[in-house]
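Worksheet for the structure shown next.
The values are calculated or read from the model by the stated rules, or taken from the named source; none is laboratory data. Being a predicted model, the structure only gives us computed values, none of them experimental. Heads up, the Cβs are rebuilt from the backbone with ideal geometry, glycines too, and the neighbour counts pull from every protein chain shown.
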Amino acid sequence: MITKDTLSRSQNALTVLAAIGFPVSLYLIFVATPLDAGLGFTQKIFYFHVPCAWITYLAFFIGSGSGVAYLSKRSRHWDHLAHASIEVGTVFTTLVLVTGPLWARPAWGAYWVWDARLTTTFVLWLIEIAYLLLREFVEEPEKAARFCAVLGLLGALDVPVIHFSVVLWRGLHPEAVVLSQRGFASGLPADFLMALVVSLATFTLLFGVMLSLRYRILRAAEQINDLRYGAG
């Protein structure tokens, strides 16, 4: 079981590292990295879009895994972790759906097309919204936890479909650059790669901070409810 002191120390460390990482990332993205020959300044969105997509994957990996652990052990710790991860992940999936069209407009001439990658990502976002609605409107915590664990697994199945959609169904979306069959970030110039790696690390740290905060809030809310109903 994660203790309060462990959470506090981890959260503080992640916060400090993220606070250092963001100005470094912004310097690398906007100062050290040259403009792309094809897309110009629009290419800078890449350094935000890709980390948000990575966090979307990571959030569902943690959320679905914690959901399975909850179904197996019936521990509220795992349910809180699943809930926190999917909820925070929804923020990053939303950012993916915002930054993607900002890049698409100059690249494709339209903010949105029903490309396989875009469509499957939108489906994942709908699953996340359904997950949060279940949490909000199902009154029995145990029932909500079970339903959401199953829904989290459904969302996790969509993640590999999203990633490999550019291979399975060739559309407008470019092939994967970061995790491709040719290796990690194959073909990226060194300065582009450095900016991307630092941005990925910084966004991962930010996710860790947000996940820790949301987990602690959910635990505190449960303890307050236990005291309230116990006193009643």
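Can you find even one residue in the stretch 43-57 that is surrounded by fewer than 14 Cβ atoms within 10 Å (Cβ to Cβ), of a type outside the set (A, V, I, L, M, F, W, C) and at pLDDT below 95? Within the stretch 43-57 (the criterion being surrounded by fewer than 14 Cβ atoms within 10 Å (Cβ to Cβ), of a type outside the set (A, V, I, L, M, F, W, C) and at pLDDT below 95), the answer is no, since none of the residues qualifies.
Scanning the stretch 79-119 for residues that are among the β-branched types (Val, Ile, Thr) and either on the phi > 0 side of the Ramachandran plot or surrounded by fewer than 21 Cβ atoms within 10 Å (Cβ to Cβ) (or both) yields Thr90, Val91, Thr94, Val98, Thr99, Val113, Thr119.
Across the stretch 69-78, what is the number of residues that are in contact with a helix residue (DSSP H, G or I) (Cβ under 6 Å, 6 or more places away or on another chain) and either under 22 Å from His163 (Cα atoms) or surrounded by fewer than 23 Cβ atoms within 10 Å (Cβ to Cβ) (or both)?
First, pick out the residues of the stretch 69-78 that are in contact with a helix residue (DSSP H, G or I) (Cβ under 6 Å, 6 or more places away or on another chain): 69-71, 78.
With the extra rule that they be either under 22 Å from His163 (Cα atoms) or surrounded by fewer than 23 Cβ atoms within 10 Å (Cβ to Cβ) (or both), the set shrinks to 69, 71, 78.
Looking only at that region, the number is 3.
Entry remark, the stretch 135-158: residues being β-branched (Val, Ile, Thr) and under 17 Å from Trp78 (Cα atoms) number 1 in total.
Table: residues versus (1) within 17 Å of Val96 (Cα to Cα); (2) in contact with a helix residue (DSSP H, G or I) (Cβ under 7 Å, 6 or more places away or on another chain).
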{"residue": "Tyr111", "(1), (2)": "yes, yes"}
{"residue": "Trp114", "(1), (2)": "yes, no"}
{"residue": "Leu124", "(1), (2)": "yes, yes"}
{"residue": "Glu128", "(1), (2)": "yes, yes"}
{"residue": "Leu132", "(1), (2)": "no, yes"}
{"residue": "Val138", "(1), (2)": "no, yes"}
{"residue": "Phe147", "(1), (2)": "no, yes"}
{"residue": "Gly155", "(1), (2)": "yes, yes"}
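Suppose we keep only residues that are more than 21 Å from the chain's Cα centre (by Cα) and not acidic (Asp, Glu) within the stretch 1-22. Which one would you say is surrounded by the most Cβ atoms within 10 Å (Cβ to Cβ)? Give the steps one after another, and end with the answer.
Our first condition is that a residue be more than 21 Å from the chain's Cα centre (by Cα); within the stretch 1-22, this holds for 1-6, 8-9.
Add one more test, that the residue is not acidic (Asp, Glu), and what stays is 1-4, 6, 8-9.
On the way: Met1: 5, Ile2: 14, Thr3: 8, Lys4: 10, Thr6: 10, Ser8: 12, Arg9: 11.
By that ranking, first place goes to Ile2.
For the stretch 82-118, filtering for residues that are under 28 Å from Phe41 (Cβ atoms), part of a helix (DSSP H, G or I), touching a residue at least 40 places away in the same chain (Cβ under 8 Å) and of a type in the set (Val, Ile, Thr) leaves 4. Could you check the stretch 1-42 and list, in sequence order, the residues that are among the polar types (S, T, N, Q) and either touching a residue at least 40 places away in the same chain (Cβ under 8 Å) or in a loop (DSSP other than H, G, I, E, B) (or both)? Thr3, Ser10, Gln11, Thr15, Ser25, Thr33, Thr42, listed by residue number. Return the residue satisfying two criteria in turn: it lies in the stretch 170-219 and is loosely packed, with under 14 Cβ neighbours inside 10 Å and part of a loop (DSSP other than H, G, I, E, B), and of such residues it is modelled with the lowest pLDDT. Once the filter is applied, the top-ranked residue is Gln181. I'd like to know if the stretch 59-68 contains one or more residues that are over 14 Å from the mean Cα position of the chain (by Cα), surrounded by 19 or more Cβ atoms within 10 Å (Cβ to Cβ) and among the polar types (S, T, N, Q). Checked against the condition, which is being over 14 Å from the mean Cα position of the chain (by Cα), surrounded by 19 or more Cβ atoms within 10 Å (Cβ to Cβ) and among the polar types (S, T, N, Q), the stretch 59-68 yields at least one hit.
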